[in-house]
Amino acid sequence: MSSETPEDKQQIENAQKDPQVINGLTEALAGGSRRDRQQAARIIAGVAKNCPDLLVPHAAALVDALERPEAQTRWECLDALAQLVPLDGRACEKAVPGAESALFDEDSGPLRLAAMRFLCRLGATTEKRSEKVWSLIDEGIQCCHGDLEFQDMLIAVIDFSQGKLAPEVKTALADRMRFDATNGRGMLKKRAIQIVENCEN
């Protein structure tokens, strides 16, 4: 989510070439320096975009990092975990409690957005997971409706609506978005209509 500097790009390339670098980064996530944790998380999120398979062995460290106090470490790790969902959904399920805390963090919009993206991606993979995360996604839609990030959240919800959802989750999601599909304006209305249509098809 953060823009990458040339130095970041170099570190991402180094990490992709050397497993020891990734080991060091994941250790830094548990370290005492807030700045080092944030920097390590940013590089890990960059690696996750390009080569998520390299991070599968480190999923537990990413889940653990969702307990750190600073928002950036948490959102970067949620972004990384979202990339790992197709590769190791079971390990990513352990991030749901941390994602729940992040989704309702009152101080950080980017953190709330990262949590919604992660939960939508995880929930789209199986009917059982859709049931597990639906109550959080539903509450997030309601609580974040006025946020600056809400339009981006809806893009994640559109992807969720195209996933392998349990029938009752599809029905509930369509019901939740119907008001905006009828009464919303602009992109809000357009995206809400798309979600309702996806759930009803």
_Number of the exception - Arg37 against (1) in contact with a Gly (Cβ under 8 Å, 6 or more places away or on another chain); (2) open to solvent by 50 Å² or more (accessible area, probe 1.4 Å); (3) not in a loop (DSSP other than H, G, I, E, B)_ = (2)
_All positions within segment 40-75 that are part of a helix (DSSP H, G or I), among the charged types (D, E, K, R) and either closer than 17 Å to Ala91 by Cβ or in contact with a Lys or Arg (Cβ under 7 Å, 6 or more places away or on another chain) (or both)_ = Asp53, Asp64, Glu67, Arg74
*asked:* Looking at segment 58-67, can you tell me whether even one residue there is open to solvent by less than 20 Å² (accessible area, probe 1.4 Å) and among the charged types (D, E, K, R)?
replied: no
*asked:* Looking only at segment 90-106, filter to residues that are in a helix (DSSP H, G or I) and over 13 Å from the mean Cα position of the chain (by Cα); which one of those is surrounded by the most Cβ atoms within 10 Å (Cβ to Cβ)?
replied: Ala91
_Looking only at segment 165-184, count every residue that is surrounded by 13 or more Cβ atoms within 10 Å (Cβ to Cβ) and free of Cβ contacts under 8 Å to residues at least 40 places away in the same chain and tell me the total._
12
*Only one of Pro86, Pro97 is free of Cβ contacts under 8 Å to residues at least 40 places away in the same chain, out of contact with any Ser or Thr (no Cβ under 9 Å at 6 or more places or on another chain) and either of a type in the set (Phe, Trp, Tyr) or under 30 Å from Val21 (Cβ atoms) (or both); which?*
Pro97
*Go through segment 103-145 and give me each residue that's among the basic types (Lys, Arg) and at pLDDT below 95.*
none
*Determine, yes or no, whether Glu197 is in a helix (DSSP H, G or I), within 12 Å of the chain's Cα centre (by Cα) and acidic (Asp, Glu).*
no
*If you scan segment 121-164, which residues turn out to be outside any helix (DSSP H, G or I), under 21 Å from Glu106 (Cβ atoms) and in contact (Cβ under 8 Å) with a residue 24 or more places away in the chain?*
Cys144, Asp147, Leu148, Glu149
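The values are calculated or read from the model by the stated rules, or taken from the named source; none is laboratory data. Because the structure is a prediction, the values reported are computed rather than measured. A quick note on method: Cβ atoms are made from the backbone with ideal geometry, for glycine too, and the neighbour counts reach across all protein chains shown. When the accessible area is computed, the model is the full protein with side chains, heavy atoms only, and any ligands, DNA or RNA have been set aside. Shrake-Rupley method; radii C 1.70, N 1.55, O 1.52, S 1.80 Å.
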